[in-house]
1. Tell me, yes or no, whether region 192-207 has at least one residue that is of a type in the set (S, T, N, Q), surrounded by 14 or more Cβ atoms within 10 Å (Cβ to Cβ) and at pLDDT 85 or above.
2. State which residue pairs qualify: first residue at positive phi and inside region 261-283, second residue not in a loop (DSSP other than H, G, I, E, B) in any location, beta carbons under 8 Å apart, and separation of 6 or more residues or different chains.
3. State all residues of region 517-536 that are assigned to a helix (DSSP H, G or I) and surrounded by 15 or more Cβ atoms within 10 Å (Cβ to Cβ); if no residue qualifies, say none.
4. Quick check: is even one residue across region 239-256 assigned to a strand (DSSP E or B), within 16 Å of ligand 2 (Cβ to nearest atom) and surrounded by fewer than 20 Cβ atoms within 10 Å (Cβ to Cβ)?
5. Condition (residue is in contact (Cβ under 8 Å) with a residue 12 or more places away in the chain, closer than 24 Å to ALA357 by Cβ, within 16 Å of ligand 1 (Cβ to nearest atom) and more than 29 Å from the chain's Cα centre (by Cα)) applied to region 228-248: is it met by at least one residue?
6. When you look at THR375, is it crowded, with 16+ Cβ neighbours inside 10 Å and at pLDDT 90 or above, yes or no?
7. Can you spot a residue in region 361-370 that is within 32 Å of the chain's Cα centre (by Cα) and hydrophobic (A, V, I, L, M, F, W, C)?
8. Of everything in region 219-237 that's part of a strand (DSSP E or B) and not hydroxyl-bearing (Ser, Thr, Tyr), which residue is farthest from ligand 3 (Cβ to nearest atom)?
Amino acid sequence: MTILRKTALNKQQSAKRVPWAGALAASVILLPGILGGNPALAQKAERDTLTYGELIKRTDNGEVAKVELDEAENIAKVYLKGQKPDSPIQVRLLEQNTELINKLKENNVDFAEVSSANSRAAVGLLINLMWILPLVALMLLFLRRSTNASSQAMNFGKSRARFQMEAKTGVKFEDVAGVEEAKEELQEVVTFLKQPERFTAVGARIPKGVLLIGPPGTGKTLLAKAIAGEAGVPFFSISGSEFVEMFVGVGASRVRDLFKKAKENAPCLIFIDEIDAVGRQRGAGIGGGNDEREQTLNQLLTEMDGFEGNTGIIIIAATNRPDVLDAALLRPGRFDRQVMVDAPDLKGRLEILKVHARNKKIDPSVSLDAIARRTPGFTGADLANLLNEAAILTARRRKDAVTILEIDDAVDRVVAGMEGTALVDSKSKRLIAYHEVGHALIGTLLKDHDPVQKVTLIPRGQALGLTWFTPNEEQGLISRSQIKARIAATLGGRAAEEIVFGKPEVTTGAGDDLQKVTNMARQMVTRFGMSDLGPLSLENQQSGEVFLGRDWMNKSEYSEEIASKIDMQVREIISHCYQTAKEILQENRIALERLVDLLSDQETIEGELFRKIVAEHTQVTDEKLAVSH
Ligand code: ADP
Ligand code: MG
Ligand code: ZN
């Protein structure tokens, strides 16, 4: 007890010296001292009583009924005759109390030894412990937790079998649409897994790995699942990023573990999603690369070499960045088959829409073909999302089946973001109307531009107004005059603002347009050889992506002189297109005003009506303007 109390005292002192540091400890540990009660203090309170001599005298007089001797604290509790038993008088004893004891015996006084101090000490200790125990428990908890964490970290490679094995993926090839070539190639993999004898009999080596390459959302993961589903073999899937952990070597041990498990379950399929997370070019990037990643990749390469071609394990990997992959991964004997999974074309989109429309209630009047036409560039995931959004809208509108209205709204939403509420009539609304009609009018009047689908003043996403163009069917190649037409139409917004409101009134609304325009013009010069500089490619497509695992010293491949020439060419293209845009708008001012009035009033003009009005007010009938130069 004393020891404990001393600690408390010390804590208090140290708390005084460093008030902020000790404050907590002091308050926690001091509390028991107050609760437990200090015997010395308690004594003083009751101390008005008898002296030793008086006690002996009273004993002789026969006034004493009972005495309790407390040797430990050297006091006696004296109960006088005719006194309440709960308030004894305390008497300080001497070192040796033989005389008192003799007297008590003589006078037949009841006396006994008690050790109140000890019991009090016990209580004090208990109370102190009550405070200490939670503290200790808390400390143990922390300790346990930290050891847990570290042991967990050490076990990453082994115990956490993150690669789930799916015996049946439930996905079939018929669930994947629009990627026919890829499906055909992969059909063969299924045969490898199902009847390897057919190939080994004639001495053919079964490929070990297939690499699926394509933009996100085109169905790579889905395809891998479909292969496993069709072949009816177990499917181990792991994402490349799951190999990469806190400690060097963990990824490598995971690779070993994965292959060990796979061998036990052969024939089976290993699917490594997003393999670029580990399969990146080694030794690149700032500081010579990443040890952990390289070790993991080395292990992967070793494992892929380590098993025979006919053990019945086929590895499928997927990536959307084949350009950053290490060359060693791509050599024959590893991922020797590379299957492109591209964004679907019109027919592909229609097929995908059919797959995803299977489990939705779609009004018979809806033409999936029309949707496919409206959605060039959409991937499988986009289309799935589109139909889902449309279904959600249908439910919200309490309709029984998805109609073309919901699908149109869903397309707008997927492409341009959430719809806002239209502005009230104001000067800025009028300015936005001029801006949008500027885009649409130029787009309509230039021969090489895609037709206007609709113009609207209803904000969506970041945009305050929008002009939608229907993209030409499957734009694989774009000509120089098409790009220039696009630049002119994109500048049409700013041009209209300037013509109508004057140079000082133009707004920041065109910022995005200008960025797009500059980009297009720059690419014309540096990548497509469409300027006076001639057919030169002046920019590496993948330059500057140091953080994606590229070397960082391949910046510019041209001289200062060429750089300034590029800038001049870019400026020339843009200013020429801007000039064209302004001229077209000035010549068609009547149409512009008429369309702005209509747009301000109705907030949306469909393409048909737009073209009709333009035709009524413009002199150019069949031979539309082309951006010359
Ligand atoms: P990724 O190529 O990025 O791996 P996923 O395979 O994960 O794309 O595709 C995501 C979702 O998009 C799929 O679950 C599926 O619903 C849909 N999807 C993508 N491509 C197709 C396709 N070709 N056919 C049918 N659905 C597709
Ligand atoms: Mg995927
Ligand atoms: Zn604009």
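The values are calculated or read from the model by the stated rules, or taken from the named source; none is laboratory data. Because the structure is a prediction, the values reported are computed rather than measured. Don't worry about glycine lacking a Cβ; one is built from the backbone with ideal geometry, like all the others, and counts go over all protein chains shown.
1. No, the conditions are met nowhere in region 192-207.
2. GLU274/SER239; GLU274/GLY240; GLU274/SER241; GLU274/ALA318; GLU274/THR319; GLY283/GLU294
3. Result: VAL517, THR518, MET520, ALA521, ARG522, MET524, VAL525, THR526.
4. Yes, region 239-256 has at least one match.
5. Yes: one or more hits.
6. Answer is no for this residue.
7. Within region 361-370, not a single residue is within 32 Å of the chain's Cα centre (by Cα) and hydrophobic (A, V, I, L, M, F, W, C).
8. For region 219-237, the residue satisfying everything is PHE236.
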